[in-house]
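Student: If you scroll down you'll find the structure; I have some questions about it.
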Amino acid sequence: MKDCRWITHKDAGACDNATYYFKKDFDLKAVCNDAKVEISAQARYKLYINNEFVCCGPCKGTREKTYFDTVSVADFLKVGKNE
């Protein structure tokens, strides 16, 4: 994976049973037809792009193994502002 990092909330604890909402706005000058993201979570996630549901996951991992999904997202992106 390139340029990947875990994101978290400043108040999140290692054993919290909580739901967090993360949002990223970005601008695109062009949309690549084979645009993909690799996404994972400590437990579960739901991915929305431009208010459209894309997918949920990942498969439950262990302390030793983290699973991630590779998701095609080109159909959800647009030129200009994306969310």
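Student: May I ask you to list the residues in segment 28-42 that are under 16 Å from Arg5 (Cα atoms) and either over 13 Å from the mean Cα position of the chain (by Cα) or in a loop (DSSP other than H, G, I, E, B) (or both)?
Tutor: Matches in segment 28-42: Ser40, Ala41, Gln42.
Student: Collect the residues in segment 26-42 that are surrounded by fewer than 11 Cβ atoms within 10 Å (Cβ to Cβ) and aliphatic (A, V, I, L, M), keeping them in residue-number order.
Tutor: Result: Ala30, single match.
Student: So Asp75 fits all but one of (1) open to solvent by less than 40 Å² (accessible area, probe 1.4 Å); (2) in a helix (DSSP H, G or I); what number is the exception?
Tutor: (1)
Student: In addition: Return the residue satisfying two criteria in turn: it lies in segment 13-45 and is touching a Gly at 6+ places or on another chain (Cβ under 9 Å) and among the basic types (Lys, Arg), and of such residues it is nearest to Asn82 (Cα to Cα).
Tutor: Within segment 13-45, the match that is nearest to Asn82 (Cα to Cα) is Lys29.
Student: If we keep just the residues of segment 45-72 that are modelled with pLDDT of 95 or more and aromatic (Phe, Trp, Tyr), which is least open to solvent (accessible area, probe 1.4 Å)?
Tutor: Across segment 45-72, the extreme among qualifying residues is Phe53.
The values are calculated or read from the model by the stated rules, or taken from the named source; none is laboratory data. Nothing here was measured: the structure is a model prediction, and the numbers come from that model. Glycine gets a Cβ as well: all are built from the backbone with ideal geometry, and neighbour counts include every protein chain shown. In case anyone asks, the SASA skips ligands and DNA or RNA and just uses the protein heavy atoms, side chains included. Shrake-Rupley method; radii C 1.70, N 1.55, O 1.52, S 1.80 Å.
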